[in-house]
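Right, one structure below, let's go through it.
The values are calculated or read from the model by the stated rules, or taken from the named source; none is laboratory data. Bear in mind that the values here come from a model prediction, so they are computed numbers and not experimental data. No Cβ is skipped: glycine too gets one built from the backbone with ideal geometry, and neighbour counts run over all protein chains shown. The protein model used for the area step is the full one, side chains on, heavy atoms only, and it has no ligands, DNA or RNA in it. Shrake-Rupley method; radii C 1.70, N 1.55, O 1.52, S 1.80 Å.
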Amino acid sequence: MRPVRVGLMGIGTVGGGTFTVLQRNQAEIRRRAGRGIEVAMVADLNTERARELVGDTAQIVADARTIIANPDIDVVVELIGGYGIAKALVLEAIAAGKHVVTANKALLAVHGTEIFAAARAKGVIVAFEAAVAGGIPIIKALREGLTANQIQWVAGIINGTTNFILSEMRDKGLDFDVVLKEAQRLGYAEADPTFDIEGVDAAHKATLMSAIAFGVPVQFDKAHVEGITQLSATDIKYAEQLGYRIKLLGIARRQAHGIELRTHPTLVPMRRLIANVEGAMNAVMVQGDAVGTTMYYGKGAGAEPTASAVIADLVDIARLLDAAPEARVPYLAFQPDEMSSLPILPIEDVVTSFYLRLRVADQAGVLAKITGILAEQGISIDAVIQREADEVSGEGGNQTDLIILTHDTKEGRMNQALAAMQALPSVLAPIVRLRKEELA
């Protein structure tokens, strides 16, 4: 069978890794795919760098549209990133009848519905294993391996930068700003780390996982997104003392009346495997009604781990190149006319338990007022810990940290309780509120 001819758009970290792994493992890949897979064209603005990497094995061009215009190219691999030119190129490739492989989670989380509809109309494949958790094959697990299950929830550490920062904050007792600078120095964080530290990158990935897990359209605009910039070493220390680790989790959970889709710092019991995922590693837990809980762990970024996922998609396309569109696995696991209309729940309707830290005046009656406010909102307390008072100079006298763990309650009720507690004269600083997940 003739080889599958690939056009690479972008030969940076992932593009370079994809080319290298394809060259190194071409014999093994051919045995699996049933035909060869060869990079025939590479588009990159830096043509000199591209030539240094690929030599004379592929045609080098500066304009990515040259790849789309080439009738001999079967598959376009988009590794440019972002929402702008990448969207235009992907849609143009689909219109030209090319299959598409992309690692672009931002593009699919925001514009996936349009892209999948265009691909379906044209009868081409859009594959995106590399868009979530790098080398971990979580898309294939959700879409194929767990297809017998009604997925109940998915929760993942799906951003290595933030997990590295949180691990360092816990290990060294340092605050966020200090560790961020170290992460940038070591290359774990970008010069502009906003998408990572504000939770946007993880939310893009959680959006894609929610769509595949529950058969709903991609709806990033309805996701609740919080990052780690406000976390302090104090709360990481207290969480540890209480038997928890704080992780930035992307969470998608099916409820009877809707889908939870949220990304935020989360207290996870130390006894859970995912709580012990350290450094820049990723991990995803999936709960299915038949299989129970499964966990997928590995490198979430990097040249060759991500290339592993890109090439897995290329092998899938090679196997299905001559198959009828209806014989292929649907983009989002469910048949297009069987997608669910379950809404994404607003965060105010989400039910979870909470960790609260209140900096309060060390005075009689303070605890009673606070627990009274929680009781008024129907919020049940799991545990209360009052730290030893410390001397504070100036007005206000002695102060102490009050730690409260709650049972499950609706977020909207907690918001009302927090507003009332924050208004108390004895509450001396903004209240820290973190969500808690047992993941059992």
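Miscellaneous remarks
- Gyration tensor verdict on the range 280-332 (Cα atoms; rounded if a/c is under 1.5, prolate if a/b is larger than b/c, oblate otherwise): oblate
- The range 306-440: C-alpha gyration tensor shape, a/c 1.5 cut-off, then a/b vs b/c: prolate
- The chain, helix-only ellipticity at 222 nm - DSSP H runs n ≥ 4, -39,500 (n - 2.57), divided by all residues, nearest 500: -10500 deg cm²/dmol
- Area accessible to solvent at residue 380, 1.4 Å probe radius, in Å²: 60 Å²
- Of the residues 418, 79, 334, the one whose Cα sits farthest towards the positive end of the charge dipole of the chain is 334 (charges of +1 on Lys and Arg Cβ, -1 on Asp and Glu Cβ, taken about the Cα centre).
- The chain, relative contact order [Cα under 8 Å, separation at least 6], %: 16 percent
- Estimated translational diffusion coefficient (Stokes-Einstein, Kirkwood radius over Cα pairs, 4 °C, 1.567 mPa s) of the range 297-369: 69 µm² per second.
- Percent accessible area from carbon and sulfur atoms, the chain, protein chains only, probe 1.4 Å: 50 percent
- Taking the inverse of the mean 1/r over every pair of distinct Cα atoms in the chain gives a Kirkwood hydrodynamic radius of 23.4 Å.
- Tensor-based shape of the range 217-298 (alpha-carbon gyration tensor, a/c under 1.5 rounded, otherwise prolate or oblate): oblate
- Members of 87/205; 205/247; 181/299; 122/205 lying beyond 19 Å, as alpha-carbon distances in this model show: 181/299; 122/205
- Eligible lysines near residue 369 by straight Cα distance, threshold 24 Å, same-chain separation 8 or greater: 410, 436
- Under the convention that each Lys and Arg Cβ holds +1 and each Asp and Glu Cβ holds -1, the size of the dipole of the chain around its Cα centre is about 980 debye.
- Principal axes of the range 1-152: Cα extent on each, largest first, Å: 49, 35, 29
- Take the Cα radius of gyration of the range 190-339 and divide it by 2.2 N^0.38 Å, N being the number of residues; the result is 1.20.
- Heavy-atom accessible area, probed at 1.4 angstrom with all protein chains present, ranks 195, 116 as 195, 116, highest first.
- Rolling a 1.4 Å probe across all protein chains gives residue 157 an accessible area of roughly 0 Å².
- The accessible-area ordering, largest first, of the residues 436, 222, 140 stands as 222, 140, 436, per a 1.4 angstrom probe.
- Rg/Rg_ref, the range 262-310, where Rg_ref = 2.2 N^0.38 Å and atoms are Cα: 1.35
- When only alpha carbons are used to place a centre, the range 157-214 and the range 329-355 end up 24 Å from one another.
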